[in-house]
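Shown next, in C-alpha cells, is the structure this report addresses.
The values are calculated or read from the model by the stated rules, or taken from the named source; none is laboratory data. All of these numbers come straight from a predicted model, not from anything done at the bench. Note that each Cβ is placed from the backbone with ideal geometry, even for glycine, and that neighbours are counted across all protein chains shown. Ligands, DNA and RNA are excluded from the accessible area calculation, which covers all protein heavy atoms including side chains. Shrake-Rupley method; radii C 1.70, N 1.55, O 1.52, S 1.80 Å.
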Amino acid sequence: MARLAFLLATICVLLALSVASADIVEHTFHVKNLTVQRLCQNRVITAVNGSLPGPTIRVNEGDTLVVHLRNESPYNMTIHWHGIFQMLSGWADGPEQTTQCPVRPGHSYTYRFNITGQEGTLWWHSHVQWHRATVYGALMIRPRAGRTYPFPKPYREVPILLGEWWNANVVDVENEGLATGAAPNISDAYTINGRPGDLYPCSSDKTFKLEVIQGKTYLLRIINAALNNQLFFKIANHNMKVVAVDAAYTNPYVTDVVLVGPGQTVDVLLTADQSPSLYYMAAHPYFTVPNVPFANTTTTGIISYKGATASTPIMPVLPAFNDTDTAHKFSTNLTGLVSGPFWLPPPLEADYKMFVTFGLGLVLCEPNATCLGPNGLKFAASMNNESFVFPTKLSMLEAFFSNVDGIYTTDFPSQPPLVFDYVNASNSFNPNLIITNKSTKVTKVKFNSTVEIVLQNTAFISIENHPIHLHGFNFYVLAQGFGNYDSVNDPKKFNLVNPQERNTIGVPVGGWAVIRFRANNPGVWLMHCHLDVHMPWGLATAFVVENGPTPSTTLPPPPADLPKC
C-alpha cells in the first residue's frame, strides 16, 4: 500500500512539473504590404511584421502557442502551422476552405493550439493562393525544461529558410496561369533567409552571412519554403550530420549534400572543422522534367569563420539538376531514432489500404475561352483521376462538425479507375487517361484506425517528383522505389523497425512510396501536393477522421472568432 501511495505521489509530482514547464507563447502577426528591393527592383510584397522571412517562433515542447493574425493586406489570408499535429485543435490548422474560411482584409483571427509530442523544426506559411512565397517563417520547437536533445547541445541554432522570388506580384502570376490554363511563369531567383545571394545582380551586399567559431558545432534548421522546387543544399568543404526531419528525430546520417523538398525540413549539425576562411552555402533545384523550363539558378549564403582573412568564398560543387541517384540516396538513407523521446513503433497492419495515383492531367476549356495548355485544354492535376475543388460556402471542417451535407462527399476512390502502366511515357498524352474529373471527394475513416497509402507517380504530361504533404499527422515512410509499385514483392522491402517519420514526402520521380499513419485526431485533414503550381489545379484530397468514443477524443466547437465565408 505504501509503495502504491509513493508511486501515485511520484506521478502527481511529474505531472505537476510537466504543467509547470509549459508556457503560453504569444505573437501578433501584422500582415500588410511591404516594399523591398531585390534583383535591382523595388517590389511590393505581402509580408508579416515588415520582414522577409517573417518572425521566427521559438517554443518548447508542451507550450501553448497563441498568434493573433491581423490582416492589414488587400488579400484574403490564413496561416498554416506546417507539421503541427493540432490534436483536437483542427480549427487552427489553417488551410483555406478546409479548416476555416479566410480572414478577410481588415479582419483578425486568433490561432491557439498546444505543441505536444514534437521537437525539432517546423514552419508556418500562408495557405491562400501563392502568398506563401513571401508570408512564411520558421517554427523552432526545443525540448521542454528538464529534457535535452538526443545529441550534444549545439553552440548555436540557426534557421536556414530556402525560398523563391518573382520579379512580379505572385498572385498575378498564379492568376494568369489559372486563367489561361498554362503553366505560370517560373521564378527569377532562389533565396536563403529572404536574400538571393551574390550570384544574382544587385545582391552582393545583401547575401546572408553566418559567422562561425572554429571547433564549434551549429544546428542548422533547414526549411524549404520554395513554392515549386525541390532543392539540393551544400556547404563547401563541410559535411553535415542529419539528426531530424520534419520535427522527428533520425539516426545520425553524415552527408555532404541535403535534398529538401517544398514543405520539408532537415536539421543538421555543422561542425566548423575547416581552416578559417569563407565558404559558400548554396542551393539549386533538383528538377527532372525534360524539355520544360525551370529556374536553373543558384542561391548562396556565406559561412564566415571568425578571424578569416579571405575575401572570396569557396564554392561547393552541387549535384546536377537532374541527379536522381543523389536525391534518392539521401531520401532513402534516413531512418527513425527509436530511442527518441516520442518514438512509437509503426503499426504492423493497416485497417484502410489505398492506392493513389497522381500527376498532371487536362480538362476541357470553358466555352468562349482561350486555353494555352496542351491541345488547347487546361492543366488540371488529380489523384485517382479526381481533380479536387475546394468548397466556397463553408469550410469542410465546419461541415463535418455541424453535419452539413453538400459541401463534400465521402466517396474518394481508394483505387485508380483504370489499371495501366503508370510510368510509361507513351501514356503521357493518352486521351483515355489524362482527362480528369472535377470533384470534392474525401475519405472517411474511423478514429484511431490505421491508414496505408501507396503513392504512385504517373507519367501524365511529364514524369516528375511530387512532394505530398499530409496535414494533422506524421506518417511512417515504409518504402520507396521506381517504376510501378509491385503489390507482391515491394511489401517485402517495408521497414517496420525504424522507418523515418515525415509530414511531407517527395515521391520518387517515375516511382512510388508507401506511407502509413494512425488516424488518432478527429477532424478534416488535407493531403495535397506541396508544389503551389499543382495544388490550385486540384492535386489534393482530404481525410475525414470520425470522433472518438469519449469527450476527450471528440472535436470541440469552433472558436467564437472563426472567420465566416
Looking only at the range 318-332, count every residue that is outside any helix (DSSP H, G or I) and either open to solvent by less than 70 Å² (accessible area, probe 1.4 Å) or touching a Cys at 6+ places or on another chain (Cβ under 8 Å) (or both) and tell me the total. 5
Looking at ILE222 and the list (1) in contact with a strand residue (DSSP E or B) (Cβ under 7 Å, 6 or more places away or on another chain); (2) open to solvent by 10 Å² or more (accessible area, probe 1.4 Å); (3) within 24 Å of TYR149 (Cβ to Cβ), which single condition is not satisfied? (2)
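For every residue, the table says whether it meets (1) touching a Leu at 6+ places or on another chain (Cβ under 6 Å); (2) within 25 Å of TYR155 (Cβ to Cβ); (3) assigned to a loop (DSSP other than H, G, I, E, B); (4) not basic (Lys, Arg).
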| position | (1), (2), (3), (4) |
| --- | --- |
| PRO276 | no, yes, yes, yes |
| GLY301 | no, yes, no, yes |
| SER311 | no, no, yes, yes |
| PRO316 | no, yes, yes, yes |
Out of the residues in the range 351-374 that are over 26 Å from ASN465 (Cα atoms) and surrounded by fewer than 16 Cβ atoms within 10 Å (Cβ to Cβ), state the one that is nearest to the chain's Cα centre (by Cα). ASP351
For the range 371-482, which fully contained strands (runs of 3 or more DSSP E) count at least 3 residues that are touching a strand residue (DSSP E or B) at 6+ places or on another chain (Cβ under 7 Å) and modelled with pLDDT of 95 or more? 443-445, 449-457, 475-482
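Would you check which residues across the range 161-207 are acidic (Asp, Glu) and either touching a residue at least 60 places away in the same chain (Cβ under 8 Å) or within 19 Å of VAL258 (Cβ to Cβ) (or both) and list them?
Taking the range 161-207 and keeping what is acidic (Asp, Glu), we get 164, 172, 174, 176, 188, 198, 205.
Hits for the range 161-207 are GLU164, GLU174, ASP188, ASP198.
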Hey, does the range 90-100 have a residue that's open to solvent by less than 10 Å² (accessible area, probe 1.4 Å), within 21 Å of PRO467 (Cα to Cα) and of a type in the set (Asp, Glu)? yes
Based on what the data block shows, is LEU539 under 28 Å from VAL260 (Cβ atoms), in contact with a Cys (Cβ under 7 Å, 6 or more places away or on another chain), in contact (Cβ under 8 Å) with a residue 60 or more places away in the chain and among the aliphatic types (A, V, I, L, M)? yes
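Scan the range 63-88 residue by residue and report those that are within 19 Å of the chain's Cα centre (by Cα), part of a loop (DSSP other than H, G, I, E, B) and within 15 Å of PHE473 (Cβ to Cβ). Before the answer, list the steps.
Filtering the range 63-88 for residues within 19 Å of the chain's Cα centre (by Cα) gives 77-87.
Next, from what is left, pick out any that are part of a loop (DSSP other than H, G, I, E, B): 78, 83-87.
Residues satisfying the conditions are GLY83, ILE84, PHE85, GLN86, MET87.
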When you scan the range 97-119, do you find a residue that is touching a residue at least 40 places away in the same chain (Cβ under 8 Å), within 18 Å of TYR136 (Cα to Cα) and under 18 Å from the mean Cα position of the chain (by Cα), even just one? no
Result of the Cβ filter at 7 Å on the range 80-95, keeping first residues that are under 12 Å from TYR111 (Cβ atoms) and partners that are of a type in the set (Val, Ile, Thr), at least 6 apart or interchain, is ILE84/ILE115; GLY90/THR99; GLY90/VAL524; TRP91/THR99; ASP93/THR99; GLY94/THR78; GLY94/ILE79
What is the number of the single condition among (1) aliphatic (A, V, I, L, M); (2) in contact (Cβ under 8 Å) with a residue 24 or more places away in the chain; (3) farther than 30 Å from PHE473 by Cβ that LEU348 does not meet? (3)
State the number of residues belonging to the range 55-82 that are more than 15 Å from ARG142 (Cβ to Cβ) and either among the aliphatic types (A, V, I, L, M) or open to solvent by less than 10 Å² (accessible area, probe 1.4 Å) (or both). 11
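Please determine whether any residue of the range 244-254 is open to solvent by 60 Å² or more (accessible area, probe 1.4 Å), out of contact with any helix residue (DSSP H, G or I) (no Cβ under 9 Å at 6 or more places or on another chain) and not in a strand (DSSP E or B). Before you say what the answer is, go through the steps one by one.
Within the range 244-254, the subset open to solvent by 60 Å² or more (accessible area, probe 1.4 Å) is 252, 254.
Still in the list and also out of contact with any helix residue (DSSP H, G or I) (no Cβ under 9 Å at 6 or more places or on another chain): 252, 254.
Within this subset, residues satisfying the condition of being not in a strand (DSSP E or B) are none.
Within the range 244-254, not a single residue is open to solvent by 60 Å² or more (accessible area, probe 1.4 Å), out of contact with any helix residue (DSSP H, G or I) (no Cβ under 9 Å at 6 or more places or on another chain) and not in a strand (DSSP E or B).
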Evaluate the following for THR504: is it open to solvent by less than 40 Å² (accessible area, probe 1.4 Å), in contact with a Pro (Cβ under 7 Å, 6 or more places away or on another chain) and among the hydroxyl-bearing types (Ser, Thr, Tyr)? yes
Here are some conditions: (1) open to solvent by 10 Å² or more (accessible area, probe 1.4 Å); (2) of a type outside the set (D, E, K, R); (3) under 20 Å from ARG156 (Cα atoms); (4) in contact (Cβ under 8 Å) with a residue 60 or more places away in the chain. LEU210 meets all but one. Which one does it not meet? (1)
Breaking point among (1) open to solvent by 30 Å² or more (accessible area, probe 1.4 Å); (2) touching a helix residue (DSSP H, G or I) at 6+ places or on another chain (Cβ under 9 Å), for THR309: (2)
